[in-house]
Amino acid sequence: MKRIGNILRYLIVILLDIIVMIVFHSYINFILLIGLVLFPIYSFIGVIQARDKLSIRVETPVEPMVKGEEFEVRFIIKNDSWFPLVNVNLSLGISNVFYGNSGNHVLNVPVRAKRETAITYPIVMEYCGRFRIEVSEISFIDVLGIREVRINVNESAECLVMPNGTERNKEAGQIYLRGITEAMESKEKGYDFSDVSGIREYIPGDKLQDIHWKLSVKKDELMVKERVNMSAMQLNVLVDLGNDENMCAEGVLELADSVTKAFVTQNMPFTVHYYSSNVGEIRSCYINNEIERNNWLEMILYDRCYQHDVDFEGSFLMNNQGGGSYLYIGRISGEIIDEDAILGDKMTGAILKNGTM
């Protein structure tokens, strides 16, 4: 309907020019009439030429960004034709792949002839995750607003948006040491000889349960089983990526970032476990430094969160029946006041638990 209106208006302009030319015998109006007749041809040829010589690429930051900080997406449109385009519409699909959220947007820009036109689009992510932007279609119309051209494209770019957890060094350090101590005590109570790293002579102050009685009788002196020390042990950390309507997964990511960053800062090694929606099983990563921690966070964000119908914690306990303490980071129900817990946002917490089923 709009195109018909544009055609009628243009025909009225031509008719008025003809009337003026006849009444006043105007040579200028005759020249104008020729231009008015030829201009639609130029306009139609222009959009056809541009259709075949228009391309676009999308650029996002290569390095991961931090949630809440502004970053830029650049659209570089190249028009190799001689015809400038006034109204070019970019159909954009914007999504956070980690959470499965998506939306559509249309960006209107002018494009110059025989050169590249760069448009910068500022983005601020409210949630961390994997930001993805895709250009699915480019559409534009000729100058008269009569001929519309649509070009299907499939250009996209991605950028990781990392959590920015608050400092939790003191709390995380204390809960780590409690977890390691409980793990040591539970193993020592069971006289687990697999934890013996060597045999040495008795030193006053050694625990009686560490004495190797059979060897002591043979050597006629007290010999002690030297067990793996605390510094050689590490804590199991479970990160539950289950989500709900309150976006609790966001609180889990923030808290996990805070706690694991504190562990690495204080040289406390740990193994982190999480359920991968992409592969449908629990994945584990040993982390001893900041590089390994960042790689693990990026690996999580390339995955997807899930609903709480996945019994991640139960599956972990079924596969790790040796007991011992572990740190669970996930959604909590009700108020928790405990020295073995660190509370986060969106009803989340890091809770030290016993692994005995």
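No value in this document is a laboratory result; all are computed from the given coordinates. Computed from a prediction, not measured in an experiment: that's the story for all the values here. Every residue, glycine among them, receives a Cβ derived from its backbone with ideal geometry; neighbour counts consider all protein chains shown.
Which chymotrypsin sites (Phe, Trp or Tyr not before Pro) from segment 68-157 combine a DSSP loop assignment with at most 16 other Cβ atoms within 10 Å?
Hits after loop and neighbour filter: Trp82.
Please give the helix 27-52 orientation as an angle from the longest Cα principal axis of the chain, in degrees from 0 to 90, rounded to the nearest 10.
Approximately 30 degrees, to the nearest 10.
Rounded to a whole number of µm²/s, how large is the Stokes-Einstein D of segment 1-162 at 37 °C and 0.692 mPa s, given Rh as the Kirkwood radius over C-alpha pairs?
D = 179 µm²/s.
Taking only DSSP H segments of four or more residues, each worth -39500 (n - 2.57), what value at 222 nm results for the chain once the sum is divided by all its residues, to the nearest 500 deg cm²/dmol?
One gets -10500 deg cm²/dmol as the mean residue ellipticity at 222 nm.
Please give the net charge around Gly280, taking every other residue with its beta carbon less than 15 angstrom from that of Gly280, where Lys and Arg add +1 and Asp and Glu add -1.
Net local charge, Gly280 excluded: -2.
Just want the answer: with Cβ charges of +1 for Lys and Arg and -1 for Asp and Glu, which residue in Asn29, Met125, Leu11 is farthest toward the dipole's positive end in the chain?
The residue sitting farthest along the positive end of the dipole is Asn29.
To the nearest 10 degrees, how steep is helix 169-189 against the longest Cα principal axis of the chain, on a 0 to 90 scale?
40
Computed FRET efficiency, Cβ-Cβ of Thr181 and Ile94, R0 45 Å: what is it to the nearest 0.05?
Plugging the Cβ-Cβ distance into 1/(1 + (r/R0)^6) gives 0.40.
Using only the alpha carbon atoms of the chain, find the Kirkwood hydrodynamic radius as the inverse mean reciprocal pair distance, in angstroms to one decimal.
25.9
Roughly what angle does helix 2-24 make with the longest principal axis of the chain, taking Cα atoms, 0 to 90 degrees, to the nearest 10?
Value to nearest ten degrees: 30.
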